[in-house]
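Written below as structure tokens is the structure these notes are about.
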Amino acid sequence: MKRYRLKQFFQDFYLVLVILFLYAPIVTMIVLSFNDTKSRTLWGGFTLRWYADMLQDTAIMNALHNTLLIALLSALAATVIGTAAAIGINSMKKLPRSIVMGVNNIPMLNSDIVTGISLMLAFIAFGISLGFKTVLIAHITFNVPYVLLSVLPKLRQTSRYTYEAALDLGAGPLQAFFKVVFPDILPGVLSGFLMAFTMSLDDFIITHFTRGAGIDTLSTLIYSEVRRGINPSMYALSAIIFLTVLALLILTNFSPEEKKGKTAAGIEAAARKRRRFARIRGGILAAASFSIFAVVSLSTWNRYAASHSDELYVYNWGEYIDESVITQFEEETGIHVTYDLFETNEEMYPVIEAGAVRYDAVCPSDYMIQRMAENGLLAEINFDNLPNLKHIDPVYLEMSREFDPENRYSVPYTWGTVGILYNTKLIEEKNLPVPRRWSDLWNPAYAGEILMQDSVRDAFMVALKSLGYSMNTEDMRELTEARDLLIAQKPLVQAYVIDQVRDKMIGGEAALGVIYSGEMLYLQEEVASQNLDFTLEYVIPEEGTNLWIDSWVIPANARNKENAEKWIDFLCRPDIALKNFEYITYATPNRAAKALLDESLQNNKAIFPDMESLAQSEVYRYLGDETDAVYNSLWKEVKSR
Amino acid sequence: MSQPFIDLQHISKSFDGTLVLDDLCLSVKENSFVTLLGPSGCGKTTTLRIIGGFETPDAGRVIFDGEDITRLPPNKRQLNTVFQKYALFPHMSIADNIAFGLRIRRKPKSYIDDKIRYALRLVNLEGFEHRTVDSLSGGQQQRIAIARAIVNEPRVLLLDEPLGALDLKLRQDMQYELIRLKNELGITFIYVTHDQEEALTMSDTIVVMNQGYIQQMGTPEQIYNEPENAFVADFIGESNILDGLMIRDELVEIAGARFACVDKGFGTNRPVDVVIRPEDIDLVKPEEGTLTGVVTHLIFKGVHYEMEVTTPDGFEWLVHSTDLSPVGERVGIRVDPFDIQIMNKPASEDEEAVGVNE
């Protein structure tokens, strides 16, 4: 008896362990979605505000709308196509049937990324511009095999004679199918539909490759948001998606146990129970699909009711605008804005170059503007259409000449520096010196406390500047020297990071980190709002640094150039520039907007450093593909050592 | 005779290059109970499916009441089928199953309700309206399948081995039910089976088929008592088929012994097949028999004993008798002249299949 209990205990224990292993990550995410701080490690009390935020976020709601619409339409289309195909395949002879089923199974086993890329290539090759319809087609494509796979077995169970019996009783072929065969295979059709719906909801990779301007589904949105950092509404959203998919799966797979009743009455009762459940399930499904359909069609209607023939396609960094600005622009001009996000300049470049999506206004960084201009990807801006350009401080236009020598292609949007952010409390506690210079990052006292940027140009900038060289150098001797310096620094570095620098600094995990100035104000506000017991200070190193500018440009293949100019002009308006500054907290080149700021902010030397203190600083230049390759291979040597 | 009700003219059909029916001709009179009987693969089901409209013949015509219906789809034909596996619609109640054909024809509700009640009474399943298909036994499902077919008042009911899946007792009960139904409805039944007992019990006319050819067509008595060839004789009931020599009219020699018979016109000294039913053989004292042999096997079958008697030439005669002769006993064999059936020997295997004997 005791042994039995022990055995039982271990069985249960093992089961719990397995379940814990499988579900701990998801539970963590769901718990964090109720956490009242943005931290991933600290519990700040229970809140529903991320859920509220999520519901108010137009980007999320748009993505939700797209996701549901695509899932619904693609699942419906795939169900019709798949069911029809299953009927055809079912009546084939054995050999052709197994061949066709093999053909059907290959796309399912094929890796998503291959499917995604080949679909994208096919669309581009046939001149279909990427957008909503290409995502829809792609989803239908990968959903059909799943429907086929769930309908076919049902069809094979169905007696051929019931169809013939219906014909015999006077039904035409279609009538016979819908009255007799279809009800019989309906469970298979329904589960095929649900499977397709779920697959479509789930898909990220194929959507990622086939989507175009302004089309984000939840998965692509979550991907870009999570890469950017720590907005917990994404956890809330993920939690809701997980629970939805879970509910769908339970609904698809659960049915009361088929009891082998010996008596006729038993069989009868079991059958009745099964039917009742099937009816309930059918009812829930019908209600669910109806409500999804209602929501989707209502919002589609709203959207189209508000749509105009005037269009503008904008391609910008994530979190790089106050969204109310977009709405305001639409209201004031009547131009409908399709707004898309990118993560890095390098990600943006091929999209513009390929021209599969034609954007009208894009916001790249300095060196990338130079590269795009040199490769003929940019259109000259007609500055007569930009009366608000007068609010931009000419200093920045002068600075822009580094990458846009005649000021023909770009209008500055934000600018900033790269510097060192340090944790005052940690510096004090560990008795470390306050950093002043890049060369401080080689001080062994900081061992294990340094966060470096995980990107070639930024890392080399730090090393080159500390050596007193230009950060745009093409001199091989200077570059190898910088490489050796970076290698020597490796033991001191806690981690090479991009976005995680924010989390780590807020979490107090490192004493100092190389960071873009725009992040600084945001982090300082976060620290204050979370009542943490330390402060973060920013310093621009004395050797000079990277002075960067992100500017608006108009691609050469833009279709709505005048609208793009209206857009850029709108962003130069002082009230709009102020709104954007308050949202993105990156320094604005707009002197009129700056004048509207609090005195303390205007005088904050970290945000708006004196031009004199930047005398040693430079703007990144595009160095050409060959020099780029040299930088990359040297960086690889550093990372792999 | 008036023109036939259903007339199959020179029907041929093959599947994947295998000839299933070859130039088949068959006429069915109105209000008859015709059974297509034969081993599996003989073409009987294909013939039925061609009449039902589920298969189109490669050649030949199907005439129904004077009209060519060869290319008419099944839903336009005035006949209904009862399928081997019942083919009830599993997602419908019994009442909905029965009403299916009537609803397709948009009959009024009161008419349909009456018909359902009538049909259920006819098949002795009153009160089953709201039951589900899977709560019924095989026999009950079969009767519902019949009810579902007959409510449409077909002029012909096609039945494809409808009793094949039932156990023996149920099968016998259903045979009586079908005969009763046929008499009550007064319509034509075309019945397919491989069970010769079923065929003999129910039919007005039996069509014995083999390898796509009709071997013999006639009343159950004719088929049983006067098989036209060895295949029919062998397939219908048990028989002794022996090599014989027709000495002259009304005299045949079997295993060296001469038997009087009633057949004429086979010429003289011609080799023939001789069919003798086991129950037509009388075992007598050795000195009274035309032939003598030794009892080598004995089985009690209930109604009678089944014995095997081996004659000196080595042939084992199957004998049914209510009188017992123990194993090892020497017995005489005697057969009345009218119990001996003489048939021509087929010249080749093909001819055997076709059953040529004229």
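Here are a few things to note about the model shown:
- Distance (nanometres) between label positions extended 7 Å along Cα→Cβ at A:LEU15 and B:HIS304: 6.7 nm
- Kirkwood hydrodynamic radius of region A:436-546, from inverse mean 1/r over distinct Cα pairs, in Å: 14.6 Å
- Within the protein assembly as shown, percent of DSSP bridges classed antiparallel, to nearest 5: 70 percent
- The ellipsoid that matches the Cα gyration tensor of region A:52-254 has semi-axes, each √(5λ) in whole angstrom, of 36, 20, 14, with the longest given first.
- Cross-link reach list, lysines versus A:LYS430, counting only Cα pairs under 22 Å and skipping chain neighbours closer than eight places: A:LYS490, A:LYS504
- R0 of 35 Å, Cβ-Cβ distance A:LEU249-A:PHE126: FRET efficiency to nearest 0.05: 0.45
- Note on B:LEU19 and B:GLN222: with the Förster distance fixed at 41 Å, the Cβ-Cβ geometry gives a FRET efficiency of about 0.90.
- Threshold 30 Å² - residues in region A:132-173 whose accessible area is reduced by that much or more when the chain is no longer isolated, probe 1.4 Å: A:TYR161, A:THR162, A:GLU164, A:ALA165, A:LEU167, A:ASP168, A:LEU169, A:GLY170
- Note on B:ASN269 and A:ARG559: the model spin-label points, each 7 Å out from Cα along the C-beta direction, lie 10.5 nm apart.
- What separates the Cα centres of region A:363-394 and region B:30-108 is a distance of 80 Å.
- If R0 equals 56 Å, the separation of the Cβ atoms of B:ALA257 and B:ARG61 corresponds to a calculated FRET efficiency of about 0.65.
- Summed residue charge, Cβ within 13 Å of B:PHE89's Cβ, Lys/Arg positive, Asp/Glu negative: -1
- Label point 7 Å beyond Cα of B:ALA165 along Cβ direction - residues of region B:178-201 with amide nitrogen under 18 Å: B:192-195
- A compact globular protein would have a Cα radius of gyration near 2.2 N^0.38 Å; the ratio found for the protein assembly as shown is 1.50.
- Taking every residue in B:76-83 and counting other chain Cβ atoms within 10 Å of its Cβ, the average works out to 3.
- Candidate lysines for bridging to A:LYS594, where Cα separation is under 26 Å - those fewer than 8 sequence places away on the same chain excluded: A:LYS390, A:LYS566, A:LYS579, A:LYS605
- Our estimate of slack between A:GLU332 and A:VAL630, defined as 0.36 nm per intervening residue step minus the Cα-Cα distance, is 102.4 nm.
- Cα shape, region A:568-641, gyration tensor, a/c 1.5 rule: prolate
- For region A:509-641, the C-alpha radius of gyration divided by 2.2 N^0.38 Å, with N the number of residues, is 1.33.
- Estimated at 0.36 nm per residue, the fully extended path between A:SER91 and A:LEU174 surpasses their Cα-Cα distance by 28.3 nm.
- Pairing chains A and B buries close to 2200 square angstrom of accessible surface in total, based on protein heavy atoms and a 1.4 angstrom probe.
- The share of accessible area on the protein assembly as shown that comes from carbon and sulfur is 56 percent, using a 1.4 angstrom probe.
- For region A:4-65 versus region A:132-186, the inter-centroid distance based on Cα atoms is 40 Å.
- Global geometry of region A:77-159, whether rounded, prolate or oblate, following the gyration tensor of its Cα atoms and the 1.5 cut on a/c: prolate
- Residues of type lysines that B:LYS107 reaches as a straight line, Cα spacing below 26 Å, ignoring anything fewer than 8 places off in the same chain: A:LYS179, B:LYS76, B:LYS115, B:LYS182
- Annotation: per residue accessible area for chain B equals 45 Å², rounded to a whole number [probe 1.4 Å, protein chains only].
- For residues of B:127-135, the mean tally of beta carbons on other chains within 10 Å: 3
- Environment charge at A:TYR315 (Cβ cut-off 9 Å; Lys +1, Arg +1, Asp -1, Glu -1): -2
- Overall Cα dimensions of chain B, principal axis frame, Å, largest first: 77, 44, 39
- Coordinate range of the alpha-carbon atoms in region B:230-354 per principal axis, descending: 40, 30, 24 Å.
- Crossing angle, helix A:345-354 versus chain A [Cα axis fit, 0-90 degrees, rounded to tens]: 60 degrees
- Inter-chain shielding of A:178-190 (mean C-beta neighbours from other protein chains, 10 Å cut-off): 2
- Label-reachable residues, region B:278-304, where backbone N falls under 12 Å from a point 7 Å from B:ILE179's Cα toward its Cβ: none
The values are calculated or read from the model by the stated rules, or taken from the named source; none is laboratory data. Treat the numbers as computed from the prediction; the structure is a model and nothing was measured. All Cβ positions, even for glycine, are placed from backbone atoms using ideal geometry, and neighbour counts span all protein chains on display. The protein model used for the area step is the full one, side chains on, heavy atoms only, and it has no ligands, DNA or RNA in it. Shrake-Rupley method; radii C 1.70, N 1.55, O 1.52, S 1.80 Å.
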